[in-house]
Amino acid sequence: MMIPRRTFTMSLLAASLAGACSSTPMTPTPSPASPPPPFDPERGYQRREVSAGGRTVVVRAWEGLAYVSRPVEPQWQVMNLYIPEAYFQDGQIDGRTARTAPIFLPNSIGGYMPAKPGTPEGRNGPPPAPGQTPTPSAIAVALTRGLVVASPGARGRTLQAADGTWTGKAPAAIVDLKAAVRFLRHHDAVMPGDTARIISNGTSAGGALSALLGASGNSPDHEEALRALGAAPARDDIFAVSAYCPITNLENADAAYEWQFGHAHDYRRIEMSMLDYQVQRREVAGTLTADQIALADALKASFPAYLNTLDLRDAAGRPLRLDAHGHGSFLDHVKSLVIASAQQALDAGADLSSRRWLRIASGRVVDLDFDAYGLAATRMKLPPAFDGVALDTGENQLFGSSRLDKRHFTAFSMQHSRVVGAQQADERTVRMMNPMHYIGRSAATVAPHWRIRHGTMDRDTSLAVPVMLGTLLAQHGIDMDLALPWDRPHSGDYDLDALFAWIDRVTAVAR
């Protein structure tokens, strides 16, 4: 059915009354002290042509659109909103209309740094090979396929106000993403796009925040911070999550990293910096010291106890556990995912004969030497990988406070800290940054559809991290598409055709 154009030109008063409406029941969100920023679909935009895959669409572009009424960092707490012009003219794109078009919500967050909103011209995928045409951005592809795109900026760990206070520490970034979702829902009546089908997307720390957004919908944990910003009085749960190589479960990521790489003493470390709002990465090689090896051994020994508390089970209901040496059914499960990825590559014609850690017989990948695989991938991070004992990681900075730049966030690193006067972040803040704490354990609305991708040559976090997250979601009845793409390093948006085919599938189910 065509939607009359007047539906999207009603007064903002009507929008305010109808904005929180949805088919999904919920407890009403308390109203903020001041109204959220207004949105008028007939003002403040530019018309742009966006092309991808041989297709071109005309869109209305609102860039730098404030999504809270009392921003702490006005430069960052804005979104870019792109809506196909066809939806203001009773048109359709690929059968989608102004009322049925899903809303794609990609973030550009890397390293938990502050992030600008994404644009159709931007790109988060792998760089093109020499002589090749750059691949289009996920935003451009989404628009040409008829999705509405809302890309929020967000605060990050390095932001500091003029008075010296730090303004982007945890949980600032997730609060900002939730505020952006609430802005969309509040203006649903005047804005094309189906706010019941919001799909987040992100890579690395952005993948972690995409996952956290999907796991913590409507959680009361974030309500006070949202009210303080003047966020809209609406829901903040979403429909689906796309997460590439999520750097998440941070308080257990050190132990998980050593479970996979603890026997690897040589490393190729990546040092990160920011240039023009883009994360830059430089490789430095070295060997662990005796003290670092001792830390790695202690962390590795602690991982089985944590893993076993999760009571994970595979699709057949069998327990996934580890013994004191880190062996067991969970290890077999992780290996099976890597083997499946290798088999897919082999079937596609890849030559895997040099991978001595794989055992191949009669065209089938039948086994994997996990320790040799870890050595081949090569350790990237020094122990502890995330909560550095010298307070020298980005995650230490993430868990700082408004008055302190860096803090520990695990009892292990606090106990082994080499910084005089070091402090530890409060447990509540740490938990608020971990999607694992919201799945089946709290009064949160978890997104019903998830897609997680983590490459087999990704060294930024352990394979255990996405596998634990995906397994926990699946055993709570969530639609989960988890894969470990073969030979893929730490990266995202490299399989856009597959990503949007998945989006087509899950949104078709909801129609």
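Return yes or no: is Ala510 touching a strand residue (DSSP E or B) at 6+ places or on another chain (Cβ under 7 Å), at pLDDT below 95, of a type in the set (A, V, I, L, M) and more than 16 Å from Ala253 (Cβ to Cβ)? Taking the combined requirement at face value, the residue satisfies it.
Scoring Arg157 on the criteria (1) in a loop (DSSP other than H, G, I, E, B); (2) surrounded by fewer than 24 Cβ atoms within 10 Å (Cβ to Cβ) leaves a single failure, condition (2). Look at segment 179-207: where a residue is more than 29 Å from Asp495 (Cα to Cα) and open to solvent by 10 Å² or more (accessible area, probe 1.4 Å) and a partner is assigned to a strand (DSSP E or B) and among the hydroxyl-bearing types (Ser, Thr, Tyr), sitting 6+ places away or on another chain with Cβ atoms under 7 Å, you get Asp188/Thr195.
In segment 459-481, is there at least one residue being in contact with a Cys (Cβ under 6 Å, 6 or more places away or on another chain) and in contact (Cβ under 8 Å) with a residue 24 or more places away in the chain? No, because not a single residue in segment 459-481 is in contact with a Cys (Cβ under 6 Å, 6 or more places away or on another chain) and in contact (Cβ under 8 Å) with a residue 24 or more places away in the chain. The residues listed here are Leu472, Leu482; of these, the one that is of a type outside the set (Lys, Arg), closer than 30 Å to Ala345 by Cα, under 16 Å from the mean Cα position of the chain (by Cα) and modelled with pLDDT of 95 or more is Leu482.
The listed residues are Asp487, Asp497, and the only one of them that is assigned to a helix (DSSP H, G or I), surrounded by fewer than 22 Cβ atoms within 10 Å (Cβ to Cβ) and not aliphatic (A, V, I, L, M) turns out to be Asp497.
Scanning segment 234-249 for residues that are more than 21 Å from Ala377 (Cα to Cα) and among the aliphatic types (A, V, I, L, M) turns up Ala234, Ile238, Ala240, Val241, Ala243.
For the structure I just gave you, tell me whether Asn124 is at pLDDT below 95 and surrounded by 20 or more Cβ atoms within 10 Å (Cβ to Cβ).
On the way: at pLDDT below 95: yes; surrounded by 20 or more Cβ atoms within 10 Å (Cβ to Cβ): yes.
Spelling it out, Asn124 is indeed at pLDDT below 95 and surrounded by 20 or more Cβ atoms within 10 Å (Cβ to Cβ).
All conditions in (1) modelled with pLDDT of 95 or more; (2) not in a loop (DSSP other than H, G, I, E, B) hold for Ile238, with the sole exception of (2). Total residues in segment 188-233 satisfying the condition of being under 21 Å from the mean Cα position of the chain (by Cα), part of a helix (DSSP H, G or I) and under 21 Å from Pro37 (Cα atoms): the figure is 4. Of the residues Asn218, Asn249, the single one that is over 27 Å from Gly122 (Cβ atoms) and surrounded by fewer than 24 Cβ atoms within 10 Å (Cβ to Cβ) is Asn218. Pairing residues of segment 297-320 that are farther than 23 Å from His265 by Cα with residues that are surrounded by 14 or more Cβ atoms within 10 Å (Cβ to Cβ) and among the aromatic types (Phe, Trp, Tyr), at Cβ distances under 6 Å and at least 6 apart in sequence or on separate chains, gives Leu307/Phe330; Leu320/Phe330.
Note on segment 441-480: residues that are buried (at least 21 other Cβ atoms within 10 Å of the Cβ), closer than 20 Å to Ser329 by Cα, touching a strand residue (DSSP E or B) at 6+ places or on another chain (Cβ under 6 Å) and not small (Gly, Ala, Ser) total 2.
The residues of segment 108-123 that are farther than 15 Å from Val59 by Cβ and either among the hydrophobic types (A, V, I, L, M, F, W, C) or touching a Pro at 6+ places or on another chain (Cβ under 9 Å) (or both), listed by number, are Ser108, Ile109, Met113, Ala115, Arg123.
Any chance segment 442-455 includes a residue that's assigned to a loop (DSSP other than H, G, I, E, B) and at pLDDT below 95? Break it down stepwise before answering.
Here is the first cut: in segment 442-455, the ones assigned to a loop (DSSP other than H, G, I, E, B) are 442-444, 446-448, 454-455.
Now restrict to residues that are at pLDDT below 95: 442-443.
Yes: one or more hits.
Listed by first and then second residue, the pairs with beta-carbon distance under 6 Å, at least 6 apart or on different chains, first residue in segment 257-286 and over 17 Å from Gly374 (Cβ atoms) and assigned to a loop (DSSP other than H, G, I, E, B), second at pLDDT 95 or above and open to solvent by less than 100 Å² (accessible area, probe 1.4 Å), are Tyr277/Lys116.
Among the residues of segment 317-331, which ones are within 30 Å of the chain's Cα centre (by Cα), outside any strand (DSSP E or B) and surrounded by fewer than 15 Cβ atoms within 10 Å (Cβ to Cβ)?
Step one: list which residues in segment 317-331 are within 30 Å of the chain's Cα centre (by Cα), which gives 317-322, 326-331.
Those left that are additionally outside any strand (DSSP E or B): 317-318, 320-322, 326-331.
Matches in segment 317-331: Gly317, Arg318, His327.
The values are calculated or read from the model by the stated rules, or taken from the named source; none is laboratory data. Being a predicted model, the structure only gives us computed values, none of them experimental. In this analysis, Cβ positions are derived from the backbone assuming ideal geometry, glycine residues included, and neighbour counts consider all displayed protein chains. Remember, those area values only see protein heavy atoms, side chains included, never the ligands or the DNA or RNA. Shrake-Rupley method; radii C 1.70, N 1.55, O 1.52, S 1.80 Å.
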